[in-house]
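Have a look at the structure below before the remarks.
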Amino acid sequence: MRGYLRQVWTIAWKDLRVELRTWERLAAMGAFVVLAAVLFNYAMDRGIVHPREIAAGLIWVTIVLAGLMGLARTFELEKEDGAMEGLLVAPVPRDALYLGKVLSNSILLGGVVLLTVAVFALFFQVALPSNPLPLMAVLALGTVGFVALGTLFSGITAGSRMGGSLLPVLLFPLLVPLVTFGSASTAHLLAGFPPGESAYSLRVLTAFTLVALTAGVVLFRFIVED
C-alpha cells in the first residue's frame, strides 16, 4: 500500500512541478475568477436582489467554469511531448496514474476555490461563518468530485480533435447534482444556518464523489489504452 501511495504522489508531484514552473493554468483560472466576480457584481440590480442571496450559486458556477479551463489541459502536456506513452509503459498501475492526476488537479483547483470564496465575499458582501470547517468540507467534497469526473472525461476528450470544446458538453449534464446540492449547502452555511441543516446535501456530495472516484478508477484504464 505504501508503494502504491508513493506512485500516486509521484504522478501528482510531477504535474504540480510542471504547473508551478509556468503558472499557466493557475494564472488563467485565477484571472477568470476575478473577472467573473467583477462582471457578476456589475450585472445585477441590487435594488431587486441582494448579492448575498445568489452568491452561493454564482460561487459554484464560477468554480465549475474555472475548473474546466484547468481540466481541459490535464493531458495536454503529455500529448504534446509524447510523455503519455512513457507513462503507459512505466510500471505504474493505471488507477494510480488516474488518482495522481486527480490529486494534482484537486490541489490546484483547491487554491482556485479559496480565491473564489474570498473574491465573492469581498464583492458580494458575504460574511463567512465563524466556524469555516463545514463550509470547507462542502467545498472540498465538491472539488474532489468535480475533479474526479472531469479528469476521467478529460482523458476521453484528449484524443479528440475537438479537445477542450467537447469536455463541457459531456461533463455539464453530470454536474447537475454537484452544483445543485453544493449550492444549497453553501447557501445555508453562508446564511448562518446550523451545519446540521446541510447534512443531507453533504451526504449527497459524499456519494457523488465516491461514485465519481470509483468510476474513474475502474474506467480510466480502458480510456488510456484505447
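Applying 1/(1 + (r/R0)^6) with R0 = 35 Å to the Cβ-Cβ distance of Ala28 and Val218 gives a FRET efficiency near 0.65.
Solvent-free Debye calculation, one equal scatterer per alpha-carbon of segment 2-224: log10 I(q)/I(0) at 0.10, 0.12, 0.14 Å⁻¹ equals -0.46, -0.65, -0.87. Counting only the backbone N, which residues of segment 19-62 are under 19 Å from the spot 7 Å out from the Cα of Glu76 toward its beta-carbon? Counting backbone N atoms under 19 Å from the label point, the list is 19-36.
Can you tell me the length gained on complete extension of the stretch Leu170 to Gln125, counting 0.36 nm per residue apart and subtracting the Cα distance?
Details: separation 45, 0.36 × 45 = 16.20 nm, distance 3.44 nm.
Here the segment from Leu170 to Gln125 would lengthen by 12.8 nm.
Here the spin labels are modelled as points 7 Å beyond Cα on the Cα-Cβ line, and at Glu53 and Met136 they lie 3.2 nm apart. When peptides 2-10, 59-67 are sorted by average Cβ neighbour count within 10 Å, with the highest value leading, the order is 59-67, 2-10.
FYI, it's all coordinate maths here, none of it is from the lab. It should be emphasised that the depicted structure is a prediction, and the values quoted were computed from it without experimental measurement. Glycine also receives a Cβ, built like all others from the backbone with ideal geometry; neighbour counts cover every protein chain displayed.
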